[in-house]
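The values are calculated or read from the model by the stated rules, or taken from the named source; none is laboratory data. Values in this document were obtained by computation on a predicted structure and should not be read as measured data. So basically every Cβ, Gly included, is an ideal-geometry build from the backbone, and we count neighbours across all protein chains shown.
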């Protein structure tokens, strides 16, 4: 039986289609379905060069609902490519098997991916580079651009090729061994701590209320009481209150309106 | 400062590019953020440093910005490009720029929702073409129709607001007194809490939240830089992870 082998260039072409166009046709109905099929085009053409019907079936099976975090989720595509290669070489892999592995992995990897890329890496890089910019240093945005491009591209590329190289077994091992939970746990801890740092740095809310105690002595609610208790208490409480409503499912737009209103009231009254 | 139509169009073009696939998916993590948007707008208008500073200020509001599952707190990119342009054109300080950018970014969320809705039609088109065996149409449909739609829906509004906006902003500035500016600053200081809370919804739990307080203390009380806080956080995270792993292994053996 003919050995249908993919070259590194084929796999790279497939990765490139995804890395560029993953969100191009993002939609409410099937989210990244068309983008997934797009990324499988070079693979199908290479694996079934003379069989139009097989190509068509292959693309059809990857037109189903798909949604994950595009950077870390690349490992799913890598695994799928490896499975498609096995299938083309005679392994009996059903459409259900493909769908099972894709839908089984896309949720957990969206969790890891969003935590890592949007929840941890980007806020840290932003905070560092905003700090550099605020010292009147034009390098801030430039460092941000280069660093983020390098980080995101290399994670995506390595995820894809690791998935392809080690296939289902590697991913199953990661999932069952709880490794993925350890990554989420460690990244969440790091991210939460940095969020605390950002709250302290970028929410400079202080009570302006002063009480005249007579005889020239004044009592500042902020400096004489709160700073002695815990510096940063107001930003902490504010964030926790907002978090409470976010968890209860309040829409971000409504919360934003509420914060603006609260800011107008407290600002006018001179509380903050 | 007077903006030419060409400058407004260039800013609109970069706003489109920041949501488009042409800068790869890494574009979402770079050109989509107000820090870089402000810098680019600044270059187009001949004030790169000013633009970067305004962009940095606007980006503070969107620090914890997360786009997951459709719930968005606005369009940071629109706030970044258009907000910076209006701020430079009308000579606004960073605090006022932040205050006018937030409503802009919030209104622009509509564009995003409309785009995701219309894109659904293209999926059915792709289904039909695959059925007919026109496989290359999948690549075409994934790229061309959604991008034409996105271009129309992003380039035109951004360009128009940048070109005609300064007149409206200048009218508004006449009614701004120091008291109102103070209120703007209070709002600007409160809004980052929303982005950070949305981020914490994802990563905060009973195990990690104590470290949130540790992070606040590190920055307010110990005045540590964010990069130092990140390193301390990484050390703690790796240590705890290693301890958990060891006890798990011990338990199984």
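Looking at the structure I just gave you, is residue B:38 crowded, with 23+ Cβ neighbours inside 10 Å, more than 9 Å from chain A (Cβ to nearest Cβ) and in contact (Cβ under 8 Å) with a residue 24 or more places away in the chain? Considered against the rule, which asks whether it is crowded, with 23+ Cβ neighbours inside 10 Å, more than 9 Å from chain A (Cβ to nearest Cβ) and in contact (Cβ under 8 Å) with a residue 24 or more places away in the chain, residue B:38 comes out as no. Checking B:222, B:184 one by one, the residue that is more than 7 Å from chain A (Cβ to nearest Cβ) and at pLDDT 85 or above is B:222 and no other. Just one residue in the set A:189, A:243 is buried (at least 20 other Cβ atoms within 10 Å of the Cβ), in the same structural domain as residue A:79 (by the TED database) and at pLDDT 90 or above; that residue is A:189. Checked across segment B:226-233, the condition of being touching a helix residue (DSSP H, G or I) at 6+ places or on another chain (Cβ under 8 Å), at pLDDT 85 or above, within 30 Å of residue B:84 (Cα to Cα) and more than 10 Å from chain A (Cβ to nearest Cβ) holds for no residue. Each residue in segment A:137-167 was checked for being at the interface with another protein chain (Cβ under 7 Å from one of its Cβ atoms), over 30 Å from residue A:5 (Cβ atoms) and either under 14 Å from the mean Cα position of the chain (by Cα) or not in a helix (DSSP H, G or I) (or both), and 2 pass.
For beta carbons closer than 6 Å, sequence separation of 6+ or different chains, a first residue in segment B:205-217 that is more than 7 Å from every other protein chain (Cβ to nearest Cβ) and on the phi > 0 side of the Ramachandran plot and a second that is surrounded by fewer than 18 Cβ atoms within 10 Å (Cβ to Cβ) and assigned to a helix (DSSP H, G or I), there are no qualifying pairs. When residue A:129 is tested against (1) modelled with pLDDT of 85 or more; (2) part of a helix (DSSP H, G or I); (3) more than 8 Å from chain B (Cβ to nearest Cβ), only condition (3) is not met. All of (1) surrounded by fewer than 24 Cβ atoms within 10 Å (Cβ to Cβ); (2) within 15 Å of residue A:123 (Cβ to Cβ) hold for residue B:224 with one exception: (2).
Every condition in (1) surrounded by fewer than 24 Cβ atoms within 10 Å (Cβ to Cβ); (2) within 14 Å of chain B (Cβ to nearest Cβ) is met by residue A:213 except one, and the failing one is (2). Residue A:103 satisfies every condition listed in (1) within 28 Å of residue A:154 (Cα to Cα); (2) away from chain B (no Cβ under 13 Å); (3) not in a helix (DSSP H, G or I) except (3). Testing residue B:211 on (1) in a helix (DSSP H, G or I); (2) under 23 Å from residue A:108 (Cα atoms), one condition comes back false. Which one is that? Of (1) in a helix (DSSP H, G or I); (2) under 23 Å from residue A:108 (Cα atoms), only one is false for residue B:211: (2).
Residue under question is residue A:122, and the condition is that it be in contact (Cβ under 8 Å) with a residue 60 or more places away in the chain, buried (at least 23 other Cβ atoms within 10 Å of the Cβ), within 26 Å of residue B:201 (Cβ to Cβ) and facing chain B (nearest Cβ under 10 Å); does it hold? So residue A:122 does not fit the description; no. Residues that are without any contact (Cβ under 8 Å) to a residue 12 or more places away in the chain and outside any helix (DSSP H, G or I) were ranked within segment B:149-181; the one that is farthest from the other protein chains (Cβ to nearest Cβ) is B:174.
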